[in-house]
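One structure is given here, and the rest of the page talks about it.
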Amino acid sequence: MMTRKTLVYVSVLCVSVGLAFLLFPFAMRGVYRCLVTEIPTTHADVIVVLSGGTGERVREGVRLYESGMAKKLLMTGGPFFEVSMADVMTNYAVSLGVPSRNIVQESRSVSTYTNATGSFPILHRMGARRVILVTSRFHTARAYHIFKQVFPPEIELFVYAAPDGVDEREWWQHGEMAETVLIELGKTFYYRFRY
């Protein structure tokens, strides 16, 4: 027979486990939301599209360009076999209808940090003061943080997210989504301490 004290402990444990089970999905959604930053605008001088993903970032950059947000696209991404990611991204944007004369390239970067450090001199030469960053949704907060660290305060940064294939409502239940989010979390912590 259970003592009163044991019954209280068991009851508290059951309630705690039940609450943890009920709150876990909200906590996991909160984890994903920590990776997301969106800062909209109506216009900018340049749209910077970060390399990565499977074309969604370029499509989002082109969508913003076509809506009149900016007159120039900057594709940033380094070596990829015999070409650069910036070349691949440019070719894709041209195939979607953007004139090549409206696309500028930064083709040496190999990380989010070097996306920023490589883009800044180009944007400085262009006289850009308002810049839109386009990247995958899960990558927006880290990209914004790094670009803010690298760029001077007089450059205003805005952020638009491209679809990333991660369902924030249940990402932890799917291996590939969980891997994407957990890797990004690790990179976010690393970048926060390093930069």
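Read the figures in this text as sums done on the coordinates, not as results from a lab. Here the structure is a predicted model, which means the values were calculated and not measured. Counting neighbours? That spans all protein chains shown, and the Cβs are built from the backbone with ideal geometry, glycine included.
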Using Cβ counts within 10 Å as a stand-in for footprinting exposure, how do 133, 35 rank, fewest first?
35, 133
Nitroxide proxy distance, nm - points 7 Å out along Cα→Cβ at residue 82 and residue 170:
4.5 nm
To test your reading of the geometry: what angle, between 0 and 90 degrees and rounded to tens, separates the Cα axis of helix 56-66 from the longest principal axis of the chain?
50 degrees
Out of every Cα-Cα pair in the stretch 53-182, what percent are more than 25 Å apart?
24 percent
